[in-house]
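Peer 1: Shown below is the structure under consideration.
The values are calculated or read from the model by the stated rules, or taken from the named source; none is laboratory data. For clarity, every value in this text was computed on a predicted model and none was experimentally measured. All Cβ positions, even for glycine, are placed from backbone atoms using ideal geometry, and neighbour counts span all protein chains on display. Ligands, DNA and RNA are stripped out before the accessible areas are found, and what is left, the full protein with its side chains, is counted by its heavy atoms. Shrake-Rupley method; radii C 1.70, N 1.55, O 1.52, S 1.80 Å.
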Amino acid sequence: MRMNKITPVILSGGFGKRLWPISRKSFPKQFLKIPFGSKFSLFQKTVLRTKNEIFNKPIIICAAEQKFIVREQISSINVNVSDIIVEPVGRNTAPAICVAAFKITEKNNNLMMVFPSDHLITNENNFFSQVKNYLKNFGQKNTLFGLRPIEPNTDFGYIKTKVNKMNEIKLDKFVEKPNLNSAQKMFLKKNYFWNSGIFLLKADYVLQEFKKKNLNIYRNCNLALKNAALDLGFLLLNKGYFGKCKNVSFDYEILEEIQNFNVLPLNISWSDLGSWKSIWNTQKKDKDGNVSIGKIKTSFSNNSLIISDQDCNIINDISNLIIVCKDNSLLVSSKKKSNNVKQVLEKIRSREYFYGFTEYRPWGSFKIIEKNPSFIVKKLHILPKHKLSLQKHMYRSEHWTVVEGSANITLNNKTIVLKKNQSIYIPKKAIHRIENKTTKNLVIIETQVGEKLSEDDIIRYEDPYNR
């Protein structure tokens, strides 16, 4: 029997707060190459996973501020996708999956497989052989993929299962992240699995369940998609409708009381890489059990994870700690309580904690090297064949020095080409633009001086990214 192809749906809207400060709002963990030293990011690995004969082209659902990172990471691995659907506001997994189900039925397809974009699966062939074997034996049924626990872990949600007369493993109930005592008890039982967050679903069934259990999400997702705008290759959901959706997970809103749902226990190497402890577990360690990334000198230290982007670091006489110095930010925590960083971060309102000193833009990125009330020094990285908007500033002047590559500069009515070690002065109120017409990276050191040094001091005349 010929099997209908499955449409992969890749969810890429999370932040990864527990991995602060390497995971930030503008560049969260799914776009990082972890485990460190990997060729591809977690997101790219997830997209590449869909290059399989059982799949159609994937649908990507992402946050608005990450859409250009998504496109850049897709283009660098040369994978064609069906749609990049952009959420104007974050609304958890239930509305995202509902939108995807509407989109898939619109294409006259039905089967969908939902993947989180920030999980690590190291043995892909084993994963696909188990999925194909399941489809052959049990057919195309609504299924949640579970994972056999390898330890009593308190970082994951669990699912309790039961076996029916047809020898199918069925979903009994969800268990939220447990305490250690509960996790130890579930670990000893054979009918409890970790919740992988991977689903095989029928789109018409998903829509039927939303219509029955949450008409608010069903109606507003439908209208958000019908009134979506196509912009620069992205499908932008209507903010007015999508913003009305309840902020809730698919597991909680739809699956909590579901009766007829299969579970496929996967026997694979998997991690959600959602905590510093899980990062430490997946990395290669030295003879003292330390994971060291950067120029680190350790003495009498063991079982710790140490990351630093500073040039000189000495770590002495510590045990079971997480120490991360990245992008002008510092985290020091016990390994045991490192997840508490999420709760601390949720109480902070400072932009610098959430975005750091490196911010990503459609044209590349900039890093703040030094900052005080009277001046800011930045390093601008402009991607090949990209340009900034044509703009001016009312309250600051800028001085640019090219340190790598070649820059085409617009200054009022003039066009100037700057090579390495050449500079230009941009006075206040001058209309200007930087463009990288080459196939190589362009790096510029920018010094801003003025009475107002903020990102909102900008008047755009022409913007290739429609901001």
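Peer 1: Along region 13-28, what does the Karplus equation 6.51 cos²θ - 1.76 cosθ + 1.60 (θ = phi - 60°) give for ³J(HN,Hα), rounded to whole Hz, x for Gly and Pro?
Peer 2: Per-residue couplings from phi come out as x, x, 10, x, 4, 5, 9, 4, x, 7, 9, 10, 4, 7, 8, x Hz.
Peer 1: Using +1 on the beta carbon of Lys and Arg, -1 on that of Asp and Glu, and nothing else charged, what's the dipole of region 26-71 about the Cα centre, debye to 20?
Peer 2: Details: 9 positive and 2 negative charges, 24 e Å.
Roughly 120 debye, rounded to the nearest 20.
Peer 1: Right, another one. What percent do you get for the relative contact order of the chain when only Cα pairs under 8 Å and 6+ apart count?
Peer 2: Numbers: 981 pairs, mean separation 63.7, N = 467.
It comes to 14 percent, rounded to a whole number.
Peer 1: Say the dipole of region 279-434 comes from +1 at the beta carbon of Lys and Arg and -1 at that of Asp and Glu; which of 421, 325, 393 then lies farthest toward its positive end?
Peer 2: Checked the options; the winner is 393.
Peer 1: Let me ask something else about it. Run a plain Debye calculation on region 260-378 (Cα atoms as equal point scatterers, no solvent) and give log10 I(q)/I(0) at q = 0.17, 0.22, 0.23 Å⁻¹, rounded to two decimals, same order as the q list.
Peer 2: So the normalised log intensities work out to -1.01, -1.27, -1.32.
Peer 1: Got a number for carbon plus sulfur as a percent of the chain's accessible area, 1.4 Å probe?
Peer 2: Numbers: 11160 of 22710 Å².
After summing per-atom areas, the C and S share lands at 49 percent.
Peer 1: Under a 1.4 angstrom probe, counting protein chains only, how are 132, 51, 165, 437 ranked by accessible area, largest first?
Peer 2: 165, 51, 437, 132
Peer 1: Determine which aspartates and glutamates satisfy two conditions relative to residue 414: a Cα distance under 18 Å, and not lying fewer than 8 residues away in the same chain.
Peer 2: Once the sequence-local aspartates and glutamates are set aside, what remains near residue 414 is 398, 435, 462.
Peer 1: Now a separate question. Compute all pairwise cysteine Cβ distances in the chain, then list the cysteines with no distance under 4.7 Å to another cysteine.
Peer 2: Singleton cysteines: 62, 245, 312, 325.
Peer 1: Under 12 Å Cα-Cα from residue 185, which aspartates and glutamates qualify once same-chain neighbours fewer than 8 residues away are excluded?
Peer 2: In chain and number order, the partners are 151.
Peer 1: Mind checking which of 96, 169, 144 is farthest towards the positive end of region 94-209's charge dipole, using Cβ charges of +1 (Lys, Arg) and -1 (Asp, Glu) about the Cα centre?
Peer 2: Value: 169.
Peer 1: Quote to one decimal, in nm, the extra length available between residue 148 and residue 451 on full extension: 0.36 nm per residue of separation minus the C-alpha distance between them. It would help to have the intermediate numbers written out before the result.
Peer 2: Details: separation 303, 0.36 × 303 = 109.08 nm, distance 5.91 nm.
Extra length from residue 148 to residue 451 when fully extended: 103.2 nm.
Peer 1: Please get the size of the charge dipole for the chain, origin at its Cα centre, with Cβ charges of +1 on Lys and Arg and -1 on Asp and Glu, quoted in debye to the nearest 20. Don't jump to the answer; show the numbers that get you there.
Peer 2: Numbers: 74 positive and 41 negative charges, 112 e Å.
With Lys and Arg at +1 and Asp and Glu at -1, about 540 debye.
Peer 1: Using only protein heavy atoms and a 1.4 Å probe, report how much of residue 357 is accessible, in Å² to the nearest 10.
Peer 2: 30 Å²
Peer 1: Heavy-atom accessible area per residue, region 321-444, 1.4 Å probe: how many Å²?
Peer 2: Values: 6620 Å² over 124 residues.
For region 321-444, the solvent-accessible area averages 53 Å² per residue.
Peer 1: In terms of solvent-accessible area of protein heavy atoms at a 1.4 angstrom probe, what is the ranking of 119, 381, highest value first? Don't skip to the end; give the middle numbers.
Peer 2: Values: 119 25, 381 60 Å².
In descending accessible area the options line up as 381, 119.
Peer 1: Mind grabbing the accessible area of residue 353 for me, 1.4 Å probe, Å², rounded to tens?
Peer 2: Near enough 100 Å² of accessible area.
Peer 1: Give me the compactness ratio for the chain, meaning the Cα radius of gyration over 2.2 N^0.38 Å.
Peer 2: Values: Rg = 24.4 Å, N = 467, 2.2 N^0.38 = 22.7 Å.
That works out to 1.07 for the chain.
Peer 1: Please name which of 129, 363, 20 has its Cα lying farthest along the dipole of the chain towards the positive end, using unit charges on Cβ (Lys, Arg +1; Asp, Glu -1) and the Cα centre as origin.
Peer 2: So the residue furthest toward the plus end is 129.
Peer 1: How many percent of all Cα-Cα pairs in region 93-225 sit more than 26 Å apart? Present the calculation step by step, with values, prior to reporting the outcome.
Peer 2: Values: 2834 of 8778 pairs.
Looking at region 93-225, the distances longer than 26 Å represent 32 percent of pairs.
Peer 1: Cα-Cα over 24 Å: which of 25/160; 295/335; 337/379; 371/392; 141/213; 177/347?
Peer 2: On the way: 25/160 33 Å; 295/335 21 Å; 337/379 35 Å; 371/392 21 Å; 141/213 20 Å; 177/347 22 Å.
Violating the 24 Å Cα-Cα cut-off are 25/160; 337/379.
Peer 1: With runs of 4+ DSSP H residues as the only contributors, calculate the mean residue ellipticity of the chain at 222 nm using -39,500 (n - 2.57) per run, divided by the residue total and rounded to the nearest 500. The partial results should precede the final answer.
Peer 2: Values: 11 runs with 100 residues, N = 467.
So the calculated ellipticity at 222 nm is -6000 deg cm²/dmol.
Peer 1: May I pose another question? Express as a percent, rounded to the nearest 5, the fraction of DSSP beta bridges in the chain (both residues included) that run antiparallel.
Peer 2: Taking every DSSP beta bridge within the chain, about 70 percent pair in antiparallel fashion.
Peer 1: Against the longest alpha carbon principal axis of the chain, how many degrees, from 0 to 90 and to the nearest 10, is the axis of helix 203-213 turned?
Peer 2: For helix 203-213, the angle is close to 90 degrees.
Peer 1: Let me ask something else about it. For region 351-467, report the convex hull volume of the alpha-carbon atoms normalised per residue, in Å³, without decimals. Walk me through the intermediate numbers first.
Peer 2: Details: hull volume 11.7 nm³, N = 117.
Cα-based convex hull of region 351-467, divided per residue, equals 100 Å³.
Peer 1: Relative contact order of region 271-382: what whole-number percent is it, with Cα pairs under 8 angstrom and at least 6 residues apart?
Peer 2: Values: 176 pairs, mean separation 16.7, N = 112.
Answer for region 271-382 is 15 percent.
Peer 1: Give, rounded to the nearest 20 debye, the magnitude of the charge dipole that region 333-375 has about its Cα centre when Lys and Arg contribute +1 at Cβ and Asp and Glu contribute -1 at Cβ.
Peer 2: Details: 10 positive and 4 negative charges, 64 e Å.
Dipole about the Cα centre, nearest 20: 300 debye.
Peer 1: Short version: what are the Cα gyration tensor semi-axes of region 1-136, square root of 5 times each eigenvalue, largest first, in whole Å?
Peer 2: Working: eigenvalues 119, 71, 32 Å².
After diagonalising the Cα gyration tensor, the semi-axes are 24, 19, 13 Å.
Peer 1: Please report the spacing between the Cα centers of region 217-294 and region 387-426 in Å, no decimals.
Peer 2: Each part's Cα centre sits 40 Å from the other's.
Peer 1: Heavy atoms only, 1.4 Å probe, whole protein assembly: order 433, 361, 351, 460 by accessible area, highest first. Please report the intermediate quantities before stating the final value.
Peer 2: Values: 433 20, 361 65, 351 125, 460 95 Å².
From most exposed to least exposed: 351, 460, 361, 433.
Peer 1: How much area per residue is accessible in region 113-224 when the probe is 1.4 Å and only protein heavy atoms are counted (Å²)? Can you show the working numbers first?
Peer 2: Numbers: 5520 Å² over 112 residues.
Counting only protein heavy atoms, the per-residue value for region 113-224 is 49 Å².
Peer 1: A further question follows. At 0.36 nm per residue, minus the direct Cα-Cα distance, what do residue 342 and residue 124 gain on full extension? Give it in nm, one decimal, please. List each step's numbers first, then the result.
Peer 2: Values: separation 218, 0.36 × 218 = 78.48 nm, distance 3.06 nm.
Gain on extension, residue 342 to residue 124, equals 75.4 nm.
Peer 1: For region 102-172, what is the largest minus smallest coordinate of the Cα atoms on each principal axis, given in angstrom and ordered from greatest to least?
Peer 2: Projected onto its principal axes, the Cα set of region 102-172 covers 43, 36, 25 Å.
Peer 1: Given 0.36 nm per residue, what is the gain on full extension from residue 288 to residue 187 after removing their alpha carbon distance, in nm?
Peer 2: Details: separation 101, 0.36 × 101 = 36.36 nm, distance 2.87 nm.
My answer for the length gained is 33.5 nm.
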